[in-house]
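Shown next, in structure tokens, is the structure this report addresses.
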Amino acid sequence: MLISLSFALLLLLCLQGCKGNSAVDGGLRAPAGVAVGQVAIDAMDLANPFVIYDGAKDIYYMTGDGGYLWRSSDMRVWEGPYDVLRPSQASWVGTGAVVTSPEIHKHKGRYYYMATFTRPDIVIDTVAGKPVYRTACEIFASDSITGPYKQLTAETPLLAPEYMAVHPTFCEDELNVGYLIYNYAAEQSGNATVQIIRLGKKLDVQVGEPYIMFRASQNGWSSAVAENGEKSYSPVMQAPFMFDTRGGELGILFDTTIDGASAIGVAYTEKDHGLNGPWHIEPQPLLTGNVGGPMLFKDYDGTLVMALHKDTVVGGVKKSIPQFMKMDSQFDKLKVKGHYKF
């Protein structure tokens, strides 16, 4: 599902409860006005699911649009939501930002929560008569995977405020230097780009200027249909996620569209070339059918799994249902082996 200002409310609407913002289970807190409960994975409405497995505790943690945390022992039934983000009141994020496409990464012993934040009350640009709202990536940190996560960039934004930056992900090089990969959104640029920026030692500042890894227009199989019926490439490209294959290549998963339906693609470069590439987009999509928000993780026995969401209509209401696919990266390309069997 592509970026929207309304989907952050979906979780609240389907999980309204009577509990307040009380602490539960060693510091985890329920969101104000929402009850912590249990829900099956196929009954959830959660776009851009991101899963991280804690092997020491044998627990899976999942976050997604809305910025809350869920946990599970078997990936079938999830407990939550938990409120783990602590935005700084000194930051532009404040308390009114919509949280989308979050991820959690471990780096040098700490956990970092990064996400897209949108302020629908702040306009930074106008494109084709439509307002562009302030939307950017920010990073939070904690010593624990369950948080609370405190904002690193309280007073100074991580990225330039005049640009619409979305869907952050993280990677590090052989020297443990951290990098942020994100999209310069099509809503403002007209041709979305996947960009990379080096981060400082504490991941709280950018070092140097962003580098464009590849553009939406380089994708030969995406498509969009204009109002006059003419067909062209889709300018939309979102959700980068970095991985490496056992065959020695680096890969990036991304979202785009085929005639308005979301699909998942992948780009590769030789590992010896480094993060700057050149990157080559595969000539065919990896997965189609209104799917998006892909990321990879390993389960309890090391099986490679892709988490994603599938947009569908249930009872006349559009929902984003999290799904898990079993993957293979034994050779030089990532392959879908089928639905994950619990």
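Read-outs: derived from the displayed coordinates by stated rules, not from any lab. Bear in mind the structure is a predicted one, so any value in this text is a computation, not a measurement. Positions of Cβ are backbone-derived with ideal geometry, glycine not excepted, and every protein chain shown enters the neighbour counts.
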Checklist entry - Which of 242, 304, 340 sits farthest toward the positive end of the charge dipole of region 213-342, with +1 on the Cβ of Lys and Arg and -1 on the Cβ of Asp and Glu? => result 340
Item to check | 15 Å reach of a label modelled at residue 300, 7 Å along Cα-to-Cβ, counting backbone N of region 40-71 | outcome: 53-61
Checklist entry - Is region 276-342 best put as rounded, prolate or oblate by its Cα gyration tensor, with a ≥ b ≥ c the root eigenvalues, rounded for a/c under 1.5, and otherwise prolate when a/b is larger than b/c, oblate when not? => result oblate
Next on the checklist: Only four residue types carry charge here, +1 at the Cβ of Lys and Arg and -1 at the Cβ of Asp and Glu. Report the dipole size of the chain about the Cα centre in Debye, rounded to the nearest 20.
Outcome noted: 520
Checklist entry - Taking region 42-116, which trypsin sites (Lys or Arg not before Pro) meet the DSSP loop condition and have no more than 13 other C-beta atoms within 10 Å? => result 57, 76, 108
Checklist entry - If you rank 174, 79 by fewest surrounding Cβ atoms within 10 Å, what's the result? => result 174, 79
Checklist entry - Using a cut-off of 27 Å between alpha-carbon atoms, which lysines can reach residue 231, once sequence neighbours fewer than 8 places away in the same chain are excluded? => result 130, 310, 318
Checklist entry - What shape does region 186-286 have by the C-alpha gyration tensor, where a ≥ b ≥ c are the square roots of the eigenvalues, rounded means a/c under 1.5, and otherwise prolate means a/b greater than b/c and oblate the rest? => result oblate
Checklist entry - With springs only between Cα atoms under 10 Å, which of 105, 309, 273 fluctuates most in a Gaussian network model of the chain? => result 273
Item to check | Sequence-distant lysines (8 or more away, or on other chains) whose Cα lies within less than 16 Å of residue 298 | outcome: 57, 106, 326, 335, 337, 341
Item to check | Cα gyration tensor shape of region 135-174, rounded if a/c is under 1.5, else prolate or oblate by comparing a/b with b/c | outcome: oblate
Checklist entry - Full extension from residue 288 to residue 330: what is 0.36 nm times the residue separation minus their Cα-Cα distance, to one decimal in nm? => result 12.9 nm
Checklist entry - Can you give the charge dipole size of region 194-342 about its Cα centre, rounded to the nearest 20 debye, using +1 on the beta carbon of Lys and Arg and -1 on the beta carbon of Asp and Glu? => result 420
Item to check | Selection from 208, 291, 252 lying farthest towards where the dipole of the chain points positive, charges on Cβ | outcome: 291
Item to check | Set of aspartates and glutamates with alpha-carbon distance to residue 150 below 20 Å, sequence-local pairs under 8 removed | outcome: 25, 65, 83, 103, 138, 204
Checklist entry - Which value at 222 nm does the chain reach when only helices count, each DSSP H run of 4 or more adding -39,500 (n - 2.57), with the total divided by all residues and rounded to the nearest 500 deg cm²/dmol? => result -500 deg cm²/dmol
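In region 198-256, what trypsin sites (Lys or Arg not before Pro) fall in a loop by DSSP, with at most 16 other Cβ atoms inside 10 Å?
Those satisfying the criteria are 201, 202, 246.
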